[in-house]
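The structure appears right after this line, and notes come after that.
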Amino acid sequence: PVVVVVARRHDATRRRMPESQALCLATLEDAVRNLEQGCEQVLAVVDLKDVGPQQVDVPFLLWLVATLRAYYPKRLGQVALVDPPPVLFEAAWNLIRPAVGRHAKMVRIVSRAELKREYFKGRPPPDLR
């Protein structure tokens, strides 16, 4: 399964951590429940188009990394970050990367065209068109 996150819909200044955590866990559980026979990993696609400082939520991302490592080891196969804004992404990644550690190799930065071509054979989910 593919979990699609449209980051521009998140507002770190307005989010409530417990509700955001609950939504994230429900999404992860749903993805794991929908794994096909013989498939053990989920692809996470994070659309970073039009993301600004108000969407950068380092405390939530650190919680997510810790949760994935503790409760979902080996379930996340790859993370495709689509069209990140260069300066903002670099600053956020420098804060989060130490927590990600050796798993940083699972993160791949791709353009929208690469995503369509390499992951979805030209037909991405509606949120990514």
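The values are calculated or read from the model by the stated rules, or taken from the named source; none is laboratory data. The model shown is predicted, which means the values in this text are computed figures rather than measured ones. With ideal geometry, Cβ positions are generated from the backbone for all residues, glycine too; neighbour counts draw on all protein chains shown. The accessibility values were calculated without ligands, DNA or RNA, using every heavy atom of the protein model including side chains. Shrake-Rupley method; radii C 1.70, N 1.55, O 1.52, S 1.80 Å.
State yes or no: is Arg8 open to solvent by 40 Å² or more (accessible area, probe 1.4 Å), part of a loop (DSSP other than H, G, I, E, B) and closer than 26 Å to Glu90 by Cα?
No, not satisfied.
Hand me the list of strands (runs of 3 or more DSSP E) wholly inside the stretch 13-129 holding 2 or more residues that are touching a Pro at 6+ places or on another chain (Cβ under 9 Å) and surrounded by 14 or more Cβ atoms within 10 Å (Cβ to Cβ).
Numbers: elements: 42-47, 76-82, 107-110.
Here the list reads 42-47.
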Inset, instruction - Go through (1) in contact (Cβ under 8 Å) with a residue 60 or more places away in the chain; (2) over 25 Å from Val110 (Cα atoms) and name the single condition Lys49 misses. - result: (2)
Inset, instruction - Determine whether Glu40 is of a type in the set (Asp, Glu) and within 21 Å of Lys105 (Cβ to Cβ). - result: yes
Inset, instruction - Name, by its number, the condition in (1) under 25 Å from Pro124 (Cα atoms); (2) in contact with a Leu (Cβ under 8 Å, 6 or more places away or on another chain); (3) among the hydrophobic types (A, V, I, L, M, F, W, C) that does not hold for Ile96. - result: (1)
Legend entry - Single match in Val58, Val46, Val2 (criterion: farther than 18 Å from His103 by Cα and among the hydrophobic types (A, V, I, L, M, F, W, C)): Val2
